[in-house]
Amino acid sequence: MDELEARGVQPWRREEMRALLGPGDDLGSRLRSLRERVMVALAHRDLNGLADLDEVVATMTTLAEECIAAATAEAGARTRAIHGAPQGEHHLIVAALGKLGGGELNVSSDVDLVFLFAEEGQTAGPKQVNHLEHFSAVGRAVIALLSAPTDEGYAFRVDMRLRPFGDSGPLVASLSQLEDYFIAHARPWERYAWMKARIVAGPAEAVRELVEPFVYRRYLDFGMLDALRDMHGRIAEAARERRKTDDIKVGSGGIRELEFAVQLFQMIRGGRDPGLRTTSTRAALRVIGERGLMDPARVTALEQAYDFLRRLEHRLQYYDDQQTQALPRSDDHQAVIAEAMDFDSYPDLRAELERHRAAVQEAFGSLFEQSGAPRNAAADRLSSLLFDPQAPADPEALAEPLAEAGIDDAASVARRLADYTRSRRYRAISAGSRAKVEKLIPAVIAASAAQEESGAAAVGLLELIEAIDGRDAYFSLLVEFPQVLARAARLAARSRWAARLLARHPILLDELARNPASFAATDWKAERSALAAECAALEGDVERLLDHLRHFKQRHVLRLTIADIEGELPVMALSDELSALADTILDVAMVKACRNVGVDPAGLAIVGYGKLGGKELGYGSDLDIVFVYADGLPHREQFARVAQRMNNWMTTLTPAGVLYEIDMRLRPDGIKGLMVSSLSGFREYQLTRAWTWEHQALTRARACAGDTALGQEFEQLRDDLLAIARDPAKLFAEIMSMRERMRKEHRADSRDIKHVEGGIIDLEFCVQALVLAHGPAHRELRENKGNHTLLNRAGSLGLIDAPMAAAAADAYLTMRARSHAAALNDEDKVPLAAGDMDGELEAVKRLWKAVFG
């Protein structure tokens, strides 16, 4: 009582614990005394509302860490006194799993430990032994110091059953033995257990290098679903047999189900998302919410349930210092627990408990139950025809049930199905994968039949299945999550481009598995920080860096495509998002390229021209860029290498495709000019040698990546250049001459929406002429705000008729929308038939006449 009063509101700190466990005799007694003192103080603080859950689990975790560290040091010293030092002065490595590994230890928990050592060898004597024998002796001494029962009790119960081969395996293992075990012997559930692994004594890096590849696969690991479902089923069945269904840990809706619901996402996606590689359940749940992998309301419900269940667990354990999660049975015990949880009665406590358990059950069930797949009787009959072992699939016989199921052009789809199931590629996949395909085909047909363009949807999904090939995890995803298959069908029905993107890169199915909330504008600052951190972790591995950048782009483009198709993203907003995506990738890639070359990225910037500069990018647009560097820097040659490396990184074809096509011909002196220009050199070129068409291009230029201070200097230079007065007659004559040359060059495309008279290029030339002619007198025209905004500004300034300007601006948006729609269906050009878009073309022609006469 005196100590509690003396502590006041101060929790136990690591430094206090370490001081009490410092050098001295009888460590075992001091370990047990410290535990009693910390536990009493912690229970007092918790039960009186002075400590939240964070403090409770952090204090218990710290106590265990300090006790284990002290015990390991003491045991090592004792054993070295007998055996001598191991070769290389190695020490016992202690890995914590379970709640201790997660930094969320409860108040009466075992500690799950695994003992490791670096490598085989011999000790130096006096009693020379090999390392296995030496570290086994150290491990036994650690266990005795922590858990041997004495008159003072124990410090921590130690559970070693998660070591390689469990109780039948040796007490300690070398790192090479651990690696061999992971590769050849470990079972799927052990990946789940080792997800919590954290080193609490000894060097950590070498262990982490073995554990992370074992736990987290580089691909999306949906193949773990069956293993985790089976593991959960066995745990639930064991709970029923032991009559533990009212146990708040292993019972339905309990702590274990909540942890499973969170760790499922970690297991599946952690290989590709380092943010999910955390040992903490609560930290992982926060990341899941931030990534939109789970509905926000469900995330909140699980966070609240975790807090409630863990606080209740602690009160059950404070009662008699037992590792229990069983609800009380006697009236007196129930009343005590209810009061400790701040409820007026035990029935009130039970009601709140059931509310939280129901939330956990709902979240868990939504992840592990297979439901929601559309049923289609005709599609179901396909399997007997398609996979008949007695006879090969007959396209004519298949076409009838396909048509009955609601598939357009059933004959063509039937041929695709027959060809695939007869193909060498199909026969080469594993029996398990073929079984999943047999389940998938009827679901594919049913999902496709639900779309208006059912034939296109079916062909797109079949191409996706062919592309998945032997990657079983993706088959598992489509089988386990019918909503993903439905979204893929909807996408394939409405965009051949998106269907092709999915088929080329099945990893993008992950985007369809995310929370299907309505589109929200992207936080590109946060995305840039996350991408930079992910790329920093790939230091030295250029191949993985390039693929990571490509997957980042593809994931976001698919997300934007979905929003576009669903009508949630207007034309200008879509282009803004696509432009911001390009800015982000250029910025991160430029920093990495600078590091790769060995030069500081400060003082280097990328200027975007054309669609990138005007924030009017479309699907598949090239990037027109120019590199500029700050005056006075001596790094021109290194910066030129950065520009060349950037060009290679963007345009190289990797298994993940091409990132962007890059065009750097707009740099000073064009293709003959230097790869990079100083800002003063750029200014001098624009003032003395640039052609009018280069000043036209400058109207759509902006600093889009790199050094922000230099970017601001460029923006000021651009404004100064556009503020120079020009002879209107000469200016307009040169612009019209350039447009005429372009018409001759693209005569074959004279009906294309870009090149047709009154098309997109005519409107862009009108806007550029207005900016160059009137920008010196009107600063607002010199701002890079896009063609639509600048046209309306010119109208409001009285430079052209305002209604005419508005009509042309709206026509421009309509043309761009048509271009986006064409790109979604793999169409590079948009040829206009006679009479097509006549109103829009006429609006631009009137604008041309008003500007140029």
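Of all the listed residues (Ala58, Ala41, Ala95, Ala51), the sole one being within 43 Å of the chain's Cα centre (by Cα), closer than 30 Å to Gln304 by Cβ and not in a helix (DSSP H, G or I) is Ala51. Can you spot a residue in segment 76-92 that is open to solvent by less than 10 Å² (accessible area, probe 1.4 Å), free of Cβ contacts under 8 Å to residues at least 60 places away in the same chain and on the phi > 0 side of the Ramachandran plot? Scanning segment 76-92, I find at least one residue that is open to solvent by less than 10 Å² (accessible area, probe 1.4 Å), free of Cβ contacts under 8 Å to residues at least 60 places away in the same chain and on the phi > 0 side of the Ramachandran plot, so the answer is yes.
Helices (runs of 4 or more DSSP H) fully within segment 461-524 that include at least 2 residues being modelled with pLDDT of 80 or more and among the basic types (Lys, Arg): 482-494, 496-504. Against the conditions (1) free of Cβ contacts under 8 Å to residues at least 60 places away in the same chain; (2) open to solvent by less than 10 Å² (accessible area, probe 1.4 Å); (3) in contact with a Gly (Cβ under 6 Å, 6 or more places away or on another chain), Leu105 satisfies every one except (3). Checking every residue in segment 730-738 against the condition of being in a helix (DSSP H, G or I), closer than 26 Å to Met590 by Cα and of a type in the set (A, V, I, L, M) gives zero matches. Condition check for Asp46 on (1) buried (at least 20 other Cβ atoms within 10 Å of the Cβ); (2) part of a loop (DSSP other than H, G, I, E, B); (3) acidic (Asp, Glu): one failure, at (2).
Quick one: in segment 592-645, which of the residues that are under 16 Å from Ser678 (Cα atoms) and basic (Lys, Arg) is modelled with the highest pLDDT? Residue satisfying both the conditions and the ranking: Arg641. Can you find, within segment 487-500, the residue that is nearest to Ile562 (Cα to Cα) among those that are under 22 Å from the mean Cα position of the chain (by Cα) and crowded, with 21+ Cβ neighbours inside 10 Å? Top of the filtered list is Leu491.
Only residues that are assigned to a helix (DSSP H, G or I) and either surrounded by fewer than 17 Cβ atoms within 10 Å (Cβ to Cβ) or over 39 Å from the mean Cα position of the chain (by Cα) (or both) were counted in segment 664-681, giving 5.
Of the residues making up segment 561-571, those that are out of contact with any Leu (no Cβ under 6 Å at 6 or more places or on another chain) and crowded, with 17+ Cβ neighbours inside 10 Å are Thr561, Ile562, Ile565, Leu569.
Taken over segment 251-293, the residue count meeting the criterion of being touching a strand residue (DSSP E or B) at 6+ places or on another chain (Cβ under 8 Å) and either closer than 14 Å to Phe364 by Cβ or part of a helix (DSSP H, G or I) (or both) is 1. Restricting attention to segment 755-769, the residues that are in a helix (DSSP H, G or I) and open to solvent by less than 10 Å² (accessible area, probe 1.4 Å) add up to 5. Only residues that are open to solvent by 20 Å² or more (accessible area, probe 1.4 Å) and either aliphatic (A, V, I, L, M) or within 46 Å of the chain's Cα centre (by Cα) (or both): list them for segment 838-853, please. Asp838, Gly839, Glu840, Ala850 - these are the residues of segment 838-853 that are open to solvent by 20 Å² or more (accessible area, probe 1.4 Å) and either aliphatic (A, V, I, L, M) or within 46 Å of the chain's Cα centre (by Cα) (or both). Within segment 30-43, the set of residues being open to solvent by less than 100 Å² (accessible area, probe 1.4 Å) and either over 20 Å from Thr72 (Cα atoms) or out of contact with any Asp or Glu (no Cβ under 6 Å at 6 or more places or on another chain) (or both) comprises Arg30, Leu31, Ser33, Leu34, Arg35, Arg37, Val38, Met39, Val40, Ala41, Leu42, Ala43.
Taking (1) modelled with pLDDT under 90; (2) under 22 Å from Ala96 (Cβ atoms); (3) touching a Gly at 6+ places or on another chain (Cβ under 7 Å) in turn, Pro274 satisfies each apart from (3). Can you name every residue in segment 11-38 that is assigned to a helix (DSSP H, G or I) and of a type in the set (Lys, Arg)? Result: Arg14, Arg18, Arg30, Arg32, Arg35, Arg37.
Checking each residue in segment 637-663 for being more than 19 Å from Val557 (Cβ to Cβ), open to solvent by 20 Å² or more (accessible area, probe 1.4 Å) and touching a strand residue (DSSP E or B) at 6+ places or on another chain (Cβ under 6 Å) picks out Ala640, Asn647, Asp663. Please tell me if Ala75 is closer than 17 Å to Leu21 by Cβ and not acidic (Asp, Glu). Yes: the conditions hold for Ala75. Scanning segment 594-626 for residues that are surrounded by fewer than 22 Cβ atoms within 10 Å (Cβ to Cβ), under 26 Å from the mean Cα position of the chain (by Cα) and free of Cβ contacts under 8 Å to residues at least 60 places away in the same chain yields Arg595, Asn596, Ser621, Asp622.
Of all residues in segment 270-285, which are within 16 Å of Ala533 (Cβ to Cβ) and either surrounded by 20 or more Cβ atoms within 10 Å (Cβ to Cβ) or not small (Gly, Ala, Ser) (or both)? Across segment 270-285, the qualifying residues are Gly270, Arg272, Asp273, Pro274, Leu276, Arg277, Thr278.
Among residues of segment 155-174 that are closer than 20 Å to His134 by Cα, those with a beta-carbon under 9 Å from a residue that is acidic (Asp, Glu) at least six positions away or on a different chain give the pairs Val158/Asp110; Val158/Asp112; Met160/Asp112; Met160/Asp167; Pro164/Asp180; Pro164/Glu190; Ser174/Glu119; Ser174/Glu120. One residue stands out in segment 287-334 among those that are under 33 Å from the mean Cα position of the chain (by Cα) and aromatic (Phe, Trp, Tyr): the one that is nearest to Leu50 (Cα to Cα), namely Phe308.
Regarding segment 294-307, can at least one residue be identified that is part of a helix (DSSP H, G or I), open to solvent by less than 50 Å² (accessible area, probe 1.4 Å), small (Gly, Ala, Ser) and modelled with pLDDT of 90 or more? The answer is yes, given that some residue of segment 294-307 is part of a helix (DSSP H, G or I), open to solvent by less than 50 Å² (accessible area, probe 1.4 Å), small (Gly, Ala, Ser) and modelled with pLDDT of 90 or more.
Residues in segment 441-455: is at least one polar (S, T, N, Q), open to solvent by 40 Å² or more (accessible area, probe 1.4 Å) and touching a residue at least 40 places away in the same chain (Cβ under 8 Å)? Looking for residues that are polar (S, T, N, Q), open to solvent by 40 Å² or more (accessible area, probe 1.4 Å) and touching a residue at least 40 places away in the same chain (Cβ under 8 Å), one finds none in segment 441-455, hence no. In segment 310-333 there is no residue that is among the β-branched types (Val, Ile, Thr) and modelled with pLDDT of 95 or more. Considering only segment 426-443, I want to know if a residue exists there that is modelled with pLDDT of 85 or more, within 15 Å of Ala493 (Cβ to Cβ) and out of contact with any Ser or Thr (no Cβ under 7 Å at 6 or more places or on another chain). The answer is no; no qualifying residue exists.
The values are calculated or read from the model by the stated rules, or taken from the named source; none is laboratory data. All of these numbers come straight from a predicted model, not from anything done at the bench. A quick note on method: Cβ atoms are made from the backbone with ideal geometry, for glycine too, and the neighbour counts reach across all protein chains shown. In case anyone asks, the SASA skips ligands and DNA or RNA and just uses the protein heavy atoms, side chains included. Shrake-Rupley method; radii C 1.70, N 1.55, O 1.52, S 1.80 Å.
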